[in-house]
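See below for the structure under consideration.
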Amino acid sequence: MIKKLDVLNAKIVHALQKGARTSFAEMGRAIGLTPPAVAERVKKLEDTGVILKYNTKVSYTHMGYQLKAMITLRAFVGKLKPFLEVVPSFKEVINCYRITGNENIMMEVVLRDQKHLETFIDTLIQYGETRTHIVLSEVVSSAPIIEVK
């Protein structure tokens, strides 16, 4: 059952989405709660599955990767399940989605260079037909889901 967040919890979630390192004291000052009250609400949001995890966003270029790409895969008959089992082991894949439409899979990948891309596609083609789209820049990234008014 989906339960709507109250205004204070929505403001807390919004603050955490903008910056997960925001202190409880800072959030409390912004929304009118004490730091312990904010901490209690955050704990409840974690316990109920509203907050799933906290991440650190890292620059792929500073980590030695020159390319970011979106690759779609249209799986061959009988190859989707084997692909779903192996894809978590591909170090290039930073996000993978099972999608509707002509393709079955969409992956966000980071690669060292064009040769690395070629090698990675060679690995994928045993599972299906691929399409590659090179990311030129991020226009919107990690936008908050909830807009607080």
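The values are calculated or read from the model by the stated rules, or taken from the named source; none is laboratory data. Just so you know, these numbers come straight off a predicted model, no measurement behind them. Methodologically, a virtual Cβ is constructed for each residue, glycine included, from the backbone with ideal geometry; neighbour enumeration extends over all protein chains shown.
Scanning segment 51-67 for residues that are among the aliphatic types (A, V, I, L, M), in a loop (DSSP other than H, G, I, E, B) and more than 15 Å from the chain's Cα centre (by Cα) gives a single hit, MET63. Close Cβ contacts (under 8 Å, 6 or more residues apart or on different chains) running from residues in segment 65-83 that are more than 16 Å from GLY101 (Cβ to Cβ) to residues that are aromatic (Phe, Trp, Tyr) and modelled with pLDDT of 95 or more comprise PHE76/TYR127; LYS79/TYR127; PRO82/TYR127; PHE83/TYR127. Quick check: is even one residue across segment 99-109 in contact (Cβ under 8 Å) with a residue 12 or more places away in the chain, outside any loop (DSSP other than H, G, I, E, B), under 29 Å from HIS62 (Cα atoms) and over 17 Å from the mean Cα position of the chain (by Cα)? For segment 99-109, residues in contact (Cβ under 8 Å) with a residue 12 or more places away in the chain, outside any loop (DSSP other than H, G, I, E, B), under 29 Å from HIS62 (Cα atoms) and over 17 Å from the mean Cα position of the chain (by Cα): absent.
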